[in-house]
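The values are calculated or read from the model by the stated rules, or taken from the named source; none is laboratory data. Note that the coordinates shown come from a computational prediction; the quantities given were computed from them, not determined experimentally. When we count neighbours, we look across all protein chains shown, and the Cβ atoms used for this are built from the backbone with ideal geometry, even at glycine. When the accessible area is computed, the model is the full protein with side chains, heavy atoms only, and any ligands, DNA or RNA have been set aside. Shrake-Rupley method; radii C 1.70, N 1.55, O 1.52, S 1.80 Å.
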Amino acid sequence: MPYLDHAATTSVRPEVLAAVEPLLATLYGNPSGGHAIGREARRVLDEAREEIADFCGAPAQGVMFTSGGTEADNWVINGVLDASATSEQHRIVTTNIEHKAILEAAHKREKWDALVVEVGVDGLGRVDPHEMADASRGATLVSVMAANNELGTIQDLRSIATEVRRVSPGTVLHTDAVQAAPWLDLAELTQGFDLLTLSSHKLGGLKGTGCLVSRTSVKVAPFLVGGGQELGLRAGTQDAIGAMAMAVALRTAVAERDEATSRIAMLRDRFLAELAKSTGATSTAQGATVLPGHAHVVFPGMVAEELLVAFDRADLQATAGSSCASGATESSHVLRAIGLDRLAVRGAVRFTLGHATTDLDIDEACSIIGRVVAQLR
Ligand code: PLP
């Protein structure tokens, strides 16, 4: 069963399973408990926090655990605006290809106290750092994703940070690094940024854990109030096992990064070449620097929904655009943003390889796709 939807979620890494399983029965303490069982959970939680912080170039107290990437993205929008002292209207500057967790959270604030500027991208999904900087003048927050979930396009974060800081030194800089995290060096990638978002299940950890990481002393207002956990910023009993699983997933991804990047990029390139030969499929982000696992393609003259149903029947899993709650395919704001024409959008499919993808998966996927496309044509 070739699974080519790793950007939606990836399988739990064996190293994570091995670390988590023995603890499920024993590590049940509340990390806030002032007794031995609680202290053990606190120790595991704090070790995970330190390790994740280290990989991000952040101080340990900069890692604030959340339920995932969506929560961290929502938090950053509201937390940065609420902590900002200005009495004037806030300006949030972002791009028109961000994940909906950023875009919808930002636009929600427009009802009250914010103006949202969505900077456009070029035909390959790249934002121009100068355009970003021009728009960011006087902004409370700039949020730019490190790599796009649909196309895999990687942004030039270093130039964006430099240009935005030059034009608007007081602006808080955030990046959603959910897709980039399995593949890129987070500390290097996010230099010059204040805040970043991570999600464990994209790394091969467990669903239900993510974090908002602060590399600097930037102020972020609390998101959940109650028991005062996470330095009083995000209340709720912490999940020490989930945090530990995330640290193990990130540690394993970092240890395997060089080997995995070249192996997966080679598999992806073979996959794209075979698809082009057998079906005429074209690669959407050809020419951009993309994550090694992403293969976003257009099957000319075909309808993605029909293809995906037929792929699913043949035991191949992929998706059109990003995966939304209903599993339905809605017209992708990312494909509109890069100016893909309507007919091409209709035939657009995202295949994403991940840490568990094998040569055999690609052989089988190519043969299923070739067969399905020929049948539907
Ligand atoms: N940001 C990006 C770029 C994503 O790809 C996703 C998930 O698809 C999210 C945020 C949301 O993360 P989570 O599923 O952990 O809420």
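Computed quantities for the displayed model
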{"item": "Residue in region 79-91 that is under 28 Å from Gly152 (Cα atoms) and within 16 Å of the chain's Cα centre (by Cα) present", "result": "no"}
{"item": "Matching entry among Leu224, Leu272, Leu231 (being on the phi > 0 side of the Ramachandran plot and surrounded by fewer than 22 Cβ atoms within 10 Å (Cβ to Cβ))", "result": "Leu231"}
{"item": "Test set (1) open to solvent by less than 40 Å² (accessible area, probe 1.4 Å); (2) assigned to a helix (DSSP H, G or I) - Asp46 fails condition number", "result": "(1)"}
{"item": "Boolean, Gly38 is in the same structural domain as Asp185 (by TED's automatic domain parsing), surrounded by fewer than 22 Cβ atoms within 10 Å (Cβ to Cβ) and more than 16 Å from the ligand (Cβ to nearest atom)", "result": "yes"}
{"item": "Count of residues meeting criterion [in contact with a helix residue (DSSP H, G or I) (Cβ under 8 Å, 6 or more places away or on another chain), of a type in the set (Gly, Ala, Ser), assigned to a loop (DSSP other than H, G, I, E, B) and under 23 Å from Gly69 (Cβ atoms)] in region 1-37", "result": "1"}
{"item": "Test: Leu212 is part of a strand (DSSP E or B), in the same structural domain as Leu141 (by TED's automatic domain parsing), modelled with pLDDT of 95 or more and buried (at least 17 other Cβ atoms within 10 Å of the Cβ)", "result": "yes"}
{"item": "Leu115 being open to solvent by less than 20 Å² (accessible area, probe 1.4 Å) and closer than 22 Å to Thr70 by Cα", "result": "no"}
{"item": "The lone exception for Thr162 - which of (1) within 11 Å of the ligand (Cβ to nearest atom); (2) touching a Pro at 6+ places or on another chain (Cβ under 8 Å) it fails", "result": "(1)"}
{"item": "Residues located in region 361-377, provided they are in contact (Cβ under 8 Å) with a residue 12 or more places away in the chain, closer than 22 Å to Thr261 by Cα and open to solvent by 10 Å² or more (accessible area, probe 1.4 Å)", "result": "Asp361, Glu364, Cys366"}
{"item": "Residues that are open to solvent by 10 Å² or more (accessible area, probe 1.4 Å), of a type outside the set (Gly, Ala, Ser) and assigned to a helix (DSSP H, G or I), drawn from region 56-70", "result": "Gln61, Thr70"}
{"item": "Qualifying residue in region 76-84 (condition: more than 16 Å from the ligand (Cβ to nearest atom) and outside any helix (DSSP H, G or I))", "result": "yes"}
{"item": "Some residue of region 217-239 being within 29 Å of Thr162 (Cβ to Cβ) and either free of Cβ contacts under 8 Å to residues at least 60 places away in the same chain or not hydrophobic (A, V, I, L, M, F, W, C) (or both)", "result": "yes"}
{"item": "Only one of Arg268, Arg251 that is under 30 Å from Val349 (Cα atoms) and of a type outside the set (Phe, Trp, Tyr)", "result": "Arg268"}
{"item": "Number of the condition not met by Leu195 [criteria: (1) surrounded by fewer than 23 Cβ atoms within 10 Å (Cβ to Cβ); (2) more than 11 Å from the ligand (Cβ to nearest atom)]", "result": "(1)"}
{"item": "Among residues of region 280-332, those that are open to solvent by 30 Å² or more (accessible area, probe 1.4 Å), among the small types (Gly, Ala, Ser), at pLDDT below 90 and on the phi < 0 side of the Ramachandran plot, counted", "result": "6"}
{"item": "Any strands (runs of 3 or more DSSP E) falling wholly within region 89-196 and containing at least 2 residues that are of a type in the set (S, T, N, Q) and touching a residue at least 12 places away in the same chain (Cβ under 8 Å)", "result": "90-95"}
{"item": "Residue in region 94-103 that is open to solvent by 50 Å² or more (accessible area, probe 1.4 Å), in contact with a helix residue (DSSP H, G or I) (Cβ under 8 Å, 6 or more places away or on another chain) and not charged (D, E, K, R) present", "result": "yes"}
{"item": "Every residue from region 251-268 that is loosely packed, with under 13 Cβ neighbours inside 10 Å and in contact with a His (Cβ under 7 Å, 6 or more places away or on another chain)", "result": "none"}
